[in-house]
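Asker: Questions regarding the structure given below will be posed in turn.
The values are calculated or read from the model by the stated rules, or taken from the named source; none is laboratory data. Everything quoted here is computed from the prediction, not taken from an experiment. In this analysis, Cβ positions are derived from the backbone assuming ideal geometry, glycine residues included, and neighbour counts consider all displayed protein chains.
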Amino acid sequence: MGVRLAQHQQAALAIAHWFEQRPEVSRVLHPALPNHPGYAIWKRDFTGACGLFSIVLKPVPQPAVNAFLNALTLFGMGASWGGYESLAIPFDCATIRSATRWVPGGPAIRFHIGLEDVSYLIADLERGFAALAATS
């Protein structure tokens with residue numbers, strides 16, 4: 001289990017850093033990134049991270065988000081229950097959050113990064129961004 005969790009963490013951080021460089025992405029929500037609002041707490045209280053994080057895209061129409069997700073071939077659609085596969089799912093936190101108001105500023109997508117090779121996952125995400133650009 002330790003080897004598997006280390007792989008999830010390493011791959012997720014690599015992809016989170018890659019997302020930070022993408023012009024289509026306005027925010028990467030991963031607590032292990034120094035620009036995350038909860039980073040200081042994460043750094044104080046945790047020794048590692050997992051493969052679960054979210055991104056907020058710059059504003060695009062919903063059909064462009066759908067095209068992005070539909071173009072992914074290595075990412076399944078769904079929430080993670082601790083599996084080994086990579087998953088992506090759009091979400092609207094405003095509809096499920098009640099303690100505080102959350103305004104993302106664009107469509108949000110949650111990712112679970114699995115055990116696939118990072119270069120293959122990035123190639124898949126690039127395919128998704130190409131579909132997003134062609135639709136928006």
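Asker: If you take the residues in segment 100-136 that are of a type in the set (Ser, Thr, Tyr) and not in a helix (DSSP H, G or I), which one is modelled with the highest pLDDT? Spell out how you get there, then give the answer.
Answerer: Applying the first criterion (of a type in the set (Ser, Thr, Tyr)) to segment 100-136 yields 100, 119-120, 135-136.
Narrowing the set further to residues that are not in a helix (DSSP H, G or I) leaves 100, 136.
On the way: 100: 57, 136: 74.
Selected residue: 136.
Asker: If you go through segment 34-42 one residue at a time, do you hit one that is within 15 Å of residue 16 (Cβ to Cβ), of a type in the set (A, V, I, L, M, F, W, C) and modelled with pLDDT under 85?
Answerer: The answer is yes; a qualifying residue exists.
Asker: So in segment 1-23, with the set limited to residues that are crowded, with 16+ Cβ neighbours inside 10 Å and of a type in the set (Gly, Ala, Ser), which one is farthest from residue 59 (Cα to Cα)?
Answerer: Here is the first cut: in segment 1-23, the ones crowded, with 16+ Cβ neighbours inside 10 Å are 7-9, 11-13, 15-16, 18-19.
Retained after the next criterion (residues that are of a type in the set (Gly, Ala, Ser)): 11-12, 16.
Working: 11: 27, 12: 24, 16: 19 Å.
Among residues in segment 1-23 that are crowded, with 16+ Cβ neighbours inside 10 Å and of a type in the set (Gly, Ala, Ser), the one farthest from residue 59 (Cα to Cα) is 11.
Asker: So the check is Cβ under 9 Å with 6+ separation or different chains; which pairs have a first residue in segment 93-121 that's farther than 30 Å from residue 1 by Cβ and surrounded by fewer than 21 Cβ atoms within 10 Å (Cβ to Cβ) and a second one that's among the basic types (Lys, Arg) and at pLDDT 80 or above?
Answerer: That search, which allows pairs on different chains as well, returns 104/27; 105/27; 105/58; 106/27; 106/58.
Asker: Something else about it: Looking only at residues that are in contact with a Leu (Cβ under 9 Å, 6 or more places away or on another chain) and at pLDDT below 85 in segment 43-52, which one is nearest to residue 112 (Cα to Cα)?
Answerer: Per the stated criteria, the residue is 50.
Rundown of residues vs (1) surrounded by 14 or more Cβ atoms within 10 Å (Cβ to Cβ); (2) in contact (Cβ under 8 Å) with a residue 24 or more places away in the chain; (3) out of contact with any Phe, Trp or Tyr (no Cβ under 9 Å at 6 or more places or on another chain), yes/no style:
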| residue | (1), (2), (3) |
| --- | --- |
| 25 | yes, yes, no |
| 43 | no, no, yes |
| 59 | no, yes, yes |
| 62 | no, yes, yes |
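Asker: Does residue 5 count as touching a Phe, Trp or Tyr at 6+ places or on another chain (Cβ under 7 Å) and modelled with pLDDT under 95? If you could, list the steps in order and put the result at the bottom.
Answerer: Values: touching a Phe, Trp or Tyr at 6+ places or on another chain (Cβ under 7 Å): no; modelled with pLDDT under 95: yes.
No.
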